[in-house]
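The values are calculated or read from the model by the stated rules, or taken from the named source; none is laboratory data. None of the values given here were measured: they were computed from a predicted structure. Heads up, the Cβs are rebuilt from the backbone with ideal geometry, glycines too, and the neighbour counts pull from every protein chain shown.
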Amino acid sequence: MRTEVQDRSMWLTLANMLVAAALSLWLLIRPELISGMPMILRMPAIGLGVWALGTAFMHPLGLEFRRHWLRRATRPPVSLAVLVVFALVVTVRAL
């Protein structure tokens, strides 16, 4: 029997999911952080949020894209950087 060894730390995955869950709950409680932006900034922020939160919940479930460029865009360190950028956008908007 063959087992698959993950190349990332379990703690990194857990921290990634916890940050994404906290951001999701924060945006459910205060949606004006995104909806209060002008439309020209709101659409890229929504796209960034979908990308950041989607990849944070996708990897622990074992889901992957088949296309190389999509798989590369949704794996760390790119997905972690996008999550940090989205968290900074939401935090700056809250302040």
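Does Leu53 satisfy the criteria of being aliphatic (A, V, I, L, M), out of contact with any Leu (no Cβ under 7 Å at 6 or more places or on another chain), surrounded by 12 or more Cβ atoms within 10 Å (Cβ to Cβ) and within 27 Å of Glu32 (Cβ to Cβ)?
Here the answer is no, as Leu53 does not meet what is asked.
Across the stretch 7-40, which residue is farthest from Ala73 (Cα to Cα) among those that are surrounded by 13 or more Cβ atoms within 10 Å (Cβ to Cβ) and without any contact (Cβ under 8 Å) to a residue 60 or more places away in the chain?
The qualifying residue farthest from Ala73 (Cα to Cα) is Met37.
Looking at the stretch 71-90, I want the residues that are touching a residue at least 60 places away in the same chain (Cβ under 8 Å) and have a partner that is part of a helix (DSSP H, G or I) and of a type in the set (D, E, K, R) with Cβ atoms under 7 Å, at least 6 apart or on another chain. Which pairs are those?
From residues that are touching a residue at least 60 places away in the same chain (Cβ under 8 Å), there are no pairs.
Name the residue that is farthest from the chain's Cα centre (by Cα), counting only residues in the stretch 64-73 that are in a helix (DSSP H, G or I) and not small (Gly, Ala, Ser).
It comes out as His68.
Given the criterion modelled with pLDDT under 90 and under 15 Å from the mean Cα position of the chain (by Cα), identify the matching residue among Leu23, Leu61, Leu48.
Leu61
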